[in-house]
Amino acid sequence: MSKNIEHFVLYKNEHYFSSFPSIALLDNAKSGKKQLLLMFRRARDSRWLLDEHDEESQLLKQQVDHVDSRSQLTKLYFDLELSPLSEAEALPINPEAADQDACLLILSNQNILLSSFSWYPIHSRLSSVLQKKGASLYGHPDVTGCFYILWGGFTRISNDQGNTWSKHNYLPILPNSNDMVTGKRPYYAGSIRGQAIEVNGEILLPSYGRQKEDKVSTSHLYISKDNGNTWSYRSLIAKDKQQEFNLNEPSLLHLGGERIMAFMRNSSGNDQLITAVSNDLGHTWEDWQERKVIGHPTHPLRLSDGRIFICYGYRHEPYGIRGHLMDSSAEEFIGDEIIIRDDGLCGDVGYPWSVEMPSGQVLVVYYFTEEDGIRHISGSLLSL
């Protein structure tokens, strides 16, 4: 099904935990050539200070650490041969919170929409008081350095190919949700990791979070009718009525007309892909269903020949990155699963995003961990 898989290291620095990438193909207005914009989350990684030959240090290489009070969104440009055209550059920082996953969408007006979410660090001295007030705290100082509050999902826009960006624009409050801190900070949309789409003059942006009556997280849809300047809530995409499965990290695909599909992670079940379909641009949704793919989260890409390519992280032994082809309706899988990588050090790998290159090859970008334990951004070129 695939051949000539080539692997590339796109960004690696032992001082940073680099993860959660997104990739977009741009038309460079100055040169007239196409180029790639890579965006990812970069955070401090102090493991470079350890003795690499120490047994305890070896175990720490496999430690998962996905929050940091100074995490930032970072950009890099590449040519079509995957040679860098710039140095890694952090976007203007969030003055309050720590930004996480980067999700890119090139709009029809050629602006770039960036969607993400952020964590607000809380000193341990405040934790017990805030918890008494009903605040939901994530992490622990012994594990994550401090406590965190989910600060919400936001968007930013660039109208100059990613050189400059608008300020953080937090999405509206998730309906029927508890404040993150009562009377102080509402629950703005939840978290965002997944592909937005633009259809019929609307931008459809998925998020996930937890509402008052639920024990599990659910997936939701926000929309913008003015090129991402303002947003409104549209619908609940999927929820497990049995309150067993967390349906997270939704990513959208346009199937034609007003039919769209959401690809979701089942983070509390058997790690099978969950999908749901809407026939009216997300106003209503059919019941969600489990698919045969195992891995998360899933990024769907419509190829120029009509087929759909999905890629996902595989956090089971052997750890790596995988993909699958689907027919044009996303109803049937084509052929066997594609093993892109199976040489990861541990389960701290994944979050792939793909783009079809002018050559017809597919570039899949993801974060990866090899024997040295340095979390970095890699890419693989596939011929399908």
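The values are calculated or read from the model by the stated rules, or taken from the named source; none is laboratory data. Remember, it's a predicted structure, so these values are computed and weren't measured experimentally. Please note: Cβ atoms are built from the backbone with ideal geometry, for glycine as well, and neighbour counts cover all protein chains shown.
The condition of being in a strand (DSSP E or B), in contact (Cβ under 8 Å) with a residue 60 or more places away in the chain and charged (D, E, K, R) holds for only one of Arg47, Arg41, that being Arg41.
Each row is one residue, and each column tells you yes or no for (1) closer than 17 Å to Leu301 by Cα; (2) surrounded by 21 or more Cβ atoms within 10 Å (Cβ to Cβ); (3) not polar (S, T, N, Q).
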{"position": "Ser219", "(1), (2), (3)": "no, yes, no"}
{"position": "Lys225", "(1), (2), (3)": "no, no, yes"}
{"position": "Trp231", "(1), (2), (3)": "no, yes, yes"}
{"position": "Leu236", "(1), (2), (3)": "no, no, yes"}
{"position": "Gln243", "(1), (2), (3)": "no, no, no"}
{"position": "Ser251", "(1), (2), (3)": "yes, yes, no"}
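Can you find even one residue in the stretch 257-266 that is assigned to a strand (DSSP E or B) and aromatic (Phe, Trp, Tyr)? Yes, the stretch 257-266 contains a residue that is assigned to a strand (DSSP E or B) and aromatic (Phe, Trp, Tyr).
All conditions in (1) surrounded by 20 or more Cβ atoms within 10 Å (Cβ to Cβ); (2) among the β-branched types (Val, Ile, Thr); (3) over 22 Å from Gly209 (Cα atoms) hold for Ile122, with the sole exception of (3). Give me a count of the residues in the stretch 85-100 that are under 26 Å from Ser207 (Cα atoms) and in contact (Cβ under 8 Å) with a residue 40 or more places away in the chain. Selection size over the stretch 85-100: 9.
Being crowded, with 16+ Cβ neighbours inside 10 Å and either within 23 Å of Glu198 (Cα to Cα) or modelled with pLDDT of 95 or more (or both) is the requirement here; does Ile321 meet it? It is true that Ile321 is crowded, with 16+ Cβ neighbours inside 10 Å and either within 23 Å of Glu198 (Cα to Cα) or modelled with pLDDT of 95 or more (or both). Screening the stretch 155-179 for residues that are of a type outside the set (S, T, N, Q) and in contact with a Lys or Arg (Cβ under 9 Å, 6 or more places away or on another chain) and picking the one that is surrounded by the most Cβ atoms within 10 Å (Cβ to Cβ) gives Leu174. Taken over the stretch 128-145, the criterion of being surrounded by fewer than 17 Cβ atoms within 10 Å (Cβ to Cβ) and either at pLDDT 95 or above or closer than 20 Å to His66 by Cβ (or both) is satisfied by Ser136, Tyr138, His140, Pro141, Asp142, Val143. Counting only strands (runs of 3 or more DSSP E) that fall entirely inside the stretch 308-384 and contain at least 1 residues that are without any contact (Cβ under 8 Å) to a residue 60 or more places away in the chain and either of a type in the set (S, T, N, Q) or farther than 27 Å from Leu26 by Cα (or both), the qualifying elements are 308-314, 320-326, 333-341.
Where strands (runs of 3 or more DSSP E) fall entirely within the stretch 57-123, those with at least 1 residues that are more than 24 Å from Gly379 (Cβ to Cβ) and either touching a Phe, Trp or Tyr at 6+ places or on another chain (Cβ under 8 Å) or of a type in the set (D, E, K, R) (or both) are at 112-122.
Exactly one of these conditions fails for Trp353: (1) touching a Gly at 6+ places or on another chain (Cβ under 7 Å); (2) of a type in the set (Phe, Trp, Tyr); (3) under 26 Å from Asp79 (Cα atoms). Give me its number. Single failed check for Trp353: (1). Mind listing whichever residues of the stretch 267-302 are of a type in the set (Gly, Ala, Ser), within 19 Å of Glu198 (Cα to Cα) and in a loop (DSSP other than H, G, I, E, B)? Hit for the stretch 267-302 is Gly282, nothing else.
Annotation: of all residues in the stretch 351-364 being touching a strand residue (DSSP E or B) at 6+ places or on another chain (Cβ under 7 Å) and farther than 19 Å from Leu252 by Cβ, the one that is surrounded by the most Cβ atoms within 10 Å (Cβ to Cβ) is Leu363. Filtered by the rule that a residue be in contact with a Lys or Arg (Cβ under 9 Å, 6 or more places away or on another chain) and acidic (Asp, Glu), the stretch 194-243 gives Glu202, Asp214. Looking at Gly347, is it in contact with a Gly (Cβ under 9 Å, 6 or more places away or on another chain) and of a type outside the set (S, T, N, Q)? Answer is yes for this residue. Among the candidates Leu37, Leu60, Leu82, Leu91, the residue that is of a type in the set (A, V, I, L, M, F, W, C) and on the phi > 0 side of the Ramachandran plot is uniquely Leu82. Test Lys61 against the criterion of being crowded, with 17+ Cβ neighbours inside 10 Å, at pLDDT below 95 and farther than 30 Å from Val181 by Cβ, and give yes or no. In short, yes.
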